[in-house]
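*Asks:* The structure that follows is given in the form of structure tokens.
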Amino acid sequence: MLKNLDPLLNADVLRALRAMGHGDYLVVCDTNFPADSIARQSRLGKLLRIDAVSAARATQAILSVMPLDTFIDDAAQRMEIVGAPDEIPLVQEEVQNAIDSAEGKPWPMVSVERFAFYERAKAAYAVLATGERRFYGCFMFTKGVIPPDA
């Protein structure tokens, strides 16, 4: 156990988050996402897991140590609902709240069409599967920087 680190952040997750650089992005996905096959195509090449928790709880843990990219407008992305791209399900509202809390302000989350999301996910640094069972619990977060004086 380490001080001041969320206990959900296991060694593999911490290693990947630390290795990521500015502009690299992480996929956080639900249990229905083709996580293993897409993770094999990611930069890391293997699937990361934070099991038995919601996407929002995993996001809270991740964003407790990883800054979002302030240089782009789409540092937080969500998978769109097929046939209802403007609908925001509860799972996405919860993740939005986790993002806003971590950043200390409202933070825009951009929607991405389902198949475009899958394609973009293949170029991610890493894919992290959660225990989220609700549909459309899939997100991408682009890593930002921590200024020298922070």
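*Asks:* What residues from the range 1-39 fall in the zone where the backbone N is under 11 Å from a label point 7 Å along the Cα-to-C-beta line of I146?
*Replies:* 18
*Asks:* Tell me, what ³J(HN,Hα) does each residue in the range 92-101 have, in order and in whole Hz, if you take phi through Karplus 6.51 cos²θ - 1.76 cosθ + 1.60 with θ = phi - 60° and put x for Gly and Pro?
*Replies:* With the stated coefficients, the range 92-101 comes to 6, 4, 5, 5, 4, 4, 5, 5, 4, 5 Hz.
*Asks:* Just to compare against my own numbers: the Cα pair-distance distribution for the chain, 5 Å bins, whole % per bin, please.
*Replies:* Whole-percent P(r) values from 0 Å outward: 2, 10, 21, 25, 23, 13, 4, 1, 0, 0.
*Asks:* For the range 68-77, take each phi angle, set θ = phi - 60°, evaluate the Karplus expression 6.51 cos²θ - 1.76 cosθ + 1.60, and give the result in whole Hz per residue in order, putting x for glycine and proline.
*Replies:* The phi angles translate into 7, 6, 8, 8, 10, 8, 10, 5, 10, 10 Hz.
*Asks:* Let me ask something additional. Note down the nm distance, to one decimal, between modelled labels 7 Å out along Cα→Cβ at E87 and at Q41.
*Replies:* 2.7 nm
Any read-out appearing in this document is the output of simple, stated calculations on the displayed coordinates, not a laboratory observation. Owing to the predicted nature of the structure, the values given are computational and were not obtained by experimental measurement. Cβ sites come from the backbone with ideal geometry, for glycine too, and all protein chains shown count toward neighbours.
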